[in-house]
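FYI, it's all coordinate maths here, none of it is from the lab. No experiment lies behind these values; they were computed from the predicted model shown. Quick reminder, even Gly has a Cβ in these numbers, built from the backbone with ideal geometry, and neighbours come from all protein chains shown.
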Amino acid sequence: MTVETIIEKPPEKPDADQSMGDALLSHQKRNRLFQNVKIGSVWAALILILAVGLLQLRFDPGYIGEHYGFVMQGVLTTLGLSVASILIASVLALLGALGRLSQNSIAQGIAGFYVSLVRGTPLLIQIYIIYLGLPQIGTQLQSMGFTDLGKSLTLTAIQSGILALSLNYGAYMTEIFRAGIQSISHGQREAALSLGLSSWQTMRRIILPQAIKIIIPDIGNQFIAMQKDSALVSVMGVWEITYRANRFGRKDSKFMEMFILAAALYWILTIVSSWLEERLEKRMAHAYER
Amino acid sequence: MLMNDNVIINVERLHKWFGKLHVLKGVSFSVSPKEVMVLIGRSGSGKSTLLRCLNFLEEPSSGVISVAGETVVTAPGKRVDPKKILALRLKMGMVFQEFNLFPHMTALGNVIEGLITVKKMPKDEAVAIGEKYLAKVGLLDKRDVFPIRLSGGQKQRIAIARSLAMEPQVMLFDEPTSALDPELIGEVLDVMKQLASEGTTMMVVTHEMSFANDVADRIIYVDHGEIVEQGPPDQIFNHPVDERTQIFLRSFLCGDRSV
């Protein structure tokens, strides 16, 4: 476009309705921003009060500064544990949900038993059974001649942690997956079947893609909860955030310093996770945007 | 009855029970190739169930269903081989009241889903067929659009294209316009009229009496799970013999519903 054509264009008349709408919109925007600033200030004030209070009570931030790196090294362990466990838990949950929804009574029985047993017992007990209980049975099996099987029941602390978290969260997430699958309208299944898709093809191609999109926020929630529950594996001496914080806190009786540091690290992890989950959710909503 | 050239669908003594409810009471009928058969009746009369039993979306309690050379015999307590059901389903395309498009796939994705997943067709071949049928229902320009951005009428036309793409021998329509706004009904009926004029064998459950009058070769009036009366539109609409048919049609005329 040349300069002349731009100039020759008649000046657009200001549209009264349009400018009123614009004004309203910018007003709303300003209000929202102002609201967010106010909420942010409250957060800042609360943190400040906490900090000042603690400092008055001989809280030693310098100690945190000295041992900050040591505890930080546990972040990767915590994350690794959680990521591995949420992946395995999702597979277990999918199998569990398919089992619960299956017509087959054996599949239904196994899935129902799994969910009931695992949800009905504390995670800490599950960790103890896997880490301390299984080797005991393994030794017995070895003495009966099943050497390899017996040996395989002795798991490292990290393996035990991942197994326990996966089993535990797999049971809770079974119900999430089941609800997600059941929330897809029956017509979707009928349309797929009428095209000649098998039950499994219908599940894989039509139902699951829609169900997973719906349950992404719930899986995100579970992932956040799991990061915090992974602190329990510190009882086995896995060098993740909690274990590392506890080690120094105990040695120098600086519990408050070390555990506040640990708490802050978990908090940051969960904030980042929920931000990532929101982005994933938005990306997956693509097909549903008008 | 033996299958011959003049019968593409044959149903014998079809029964359907929903618990204690006897929805279909031994229905028998046959459909000739290229015939357009319209089922009418009150809601709850069993006409939709009849259609859904043909492709086993509802499993018949007992009876014999033959479609284009595939025969399935059902009896209480007898498990039907899933392969037989699949073979039967591939003979028929079905269009639903609520469209049931797959929301996570584009219009084209919907139309080629069966070709790729069921017929294991290479992608480019499936796309060519998919585009052909999108063009047939006049929506080739919506190829890459997701269902949420389509109007009800467009959705239903895509759903028709999706069924047609599997190149079935019979098309089943289960109240295809009942969920549509009045101004969108015409475009769907137009596509169906075109299919009928091309010689597609069709079974249609509908309340669109003028469509039935214009397009049907035969009308079947279903009441309480039984075929009460059947015949060409002129006979059913203008000279119904059975009293129940008369009452039903009169209530329709008074109800101001597109007659």
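Figure legend. Inter-residue proximity from the stretch B:155-183: first residues more than 19 Å from B:I40 (Cα to Cα), second residues part of a loop (DSSP other than H, G, I, E, B) and of a type in the set (F, W, Y), beta-carbon distance below 6 Å, spacing 6+ or different chains. Indicated pairs: B:K155/B:F99; B:Q156/B:F99; B:A159/B:F99. Residue check: is A:I125 surrounded by 13 or more Cβ atoms within 10 Å (Cβ to Cβ) and either among the charged types (D, E, K, R) or not in a loop (DSSP other than H, G, I, E, B) (or both)? It is false that A:I125 is surrounded by 13 or more Cβ atoms within 10 Å (Cβ to Cβ) and either among the charged types (D, E, K, R) or not in a loop (DSSP other than H, G, I, E, B) (or both). The listed residues are B:K34, B:K25, B:K16, and the only one of them that is touching a Cys at 6+ places or on another chain (Cβ under 9 Å), among the basic types (K, R) and either within 23 Å of B:I219 (Cβ to Cβ) or assigned to a helix (DSSP H, G or I) (or both) turns out to be B:K16.
Going by the structure shown, is A:A51 surrounded by 14 or more Cβ atoms within 10 Å (Cβ to Cβ), outside any loop (DSSP other than H, G, I, E, B) and not β-branched (V, I, T)? I'd like the intermediate steps shown before the answer.
On the way: surrounded by 14 or more Cβ atoms within 10 Å (Cβ to Cβ): no; outside any loop (DSSP other than H, G, I, E, B): yes; not β-branched (V, I, T): yes.
So A:A51 does not fit the description; no.
The lone criterion from (1) crowded, with 18+ Cβ neighbours inside 10 Å; (2) within 14 Å of chain B (Cβ to nearest Cβ); (3) within 24 Å of the chain's Cα centre (by Cα) left unmet by A:S273 is number (2).
In summary, A:I207 fulfils each of the numbered conditions (1) more than 13 Å from chain B (Cβ to nearest Cβ); (2) surrounded by 14 or more Cβ atoms within 10 Å (Cβ to Cβ); (3) assigned to a helix (DSSP H, G or I) with the single exception of condition (1). On the stretch given as the stretch A:187-203, residues that are more than 9 Å from chain B (Cβ to nearest Cβ) and free of Cβ contacts under 8 Å to residues at least 12 places away in the same chain total 1.
Would you mind finding the one in A:F248, A:F223, A:F259 that is within 24 Å of A:T174 (Cβ to Cβ) and part of a helix (DSSP H, G or I)?
Numbers: A:F248 fails: within 24 Å of A:T174 (Cβ to Cβ); A:F259 fails: within 24 Å of A:T174 (Cβ to Cβ).
The conditions single out A:F223.
If you filter the stretch B:70-98 down to residues that are within 8 Å of chain A (Cβ to nearest Cβ) and of a type in the set (A, V, I, L, M), you find that the one that is farthest from B:R149 (Cα to Cα) is B:L86. No other residue among B:L101, B:L115 is facing chain A (nearest Cβ under 10 Å), surrounded by 18 or more Cβ atoms within 10 Å (Cβ to Cβ) and touching a residue at least 60 places away in the same chain (Cβ under 8 Å) apart from B:L101. Residues in the stretch B:30-52 that are at positive phi and surrounded by fewer than 21 Cβ atoms within 10 Å (Cβ to Cβ) were compared, and the one that is nearest to the other protein chains (Cβ to nearest Cβ) is B:G44. Of all residues being over 30 Å from the mean Cα position of the chain (by Cα) and surrounded by 14 or more Cβ atoms within 10 Å (Cβ to Cβ) in the stretch A:140-155, which is nearest to A:V233 (Cα to Cα)? Just the residue, please. The selected residue is A:G150. Please tell me if B:G138 is within 21 Å of the chain's Cα centre (by Cα) and surrounded by fewer than 18 Cβ atoms within 10 Å (Cβ to Cβ). Spelling it out, B:G138 is indeed within 21 Å of the chain's Cα centre (by Cα) and surrounded by fewer than 18 Cβ atoms within 10 Å (Cβ to Cβ). Which of the residues belonging to the stretch B:53-69 are over 16 Å from the mean Cα position of the chain (by Cα), away from chain A (no Cβ under 14 Å) and not polar (S, T, N, Q)? Passing the criteria: B:P60, B:G63, B:V64, B:G69.
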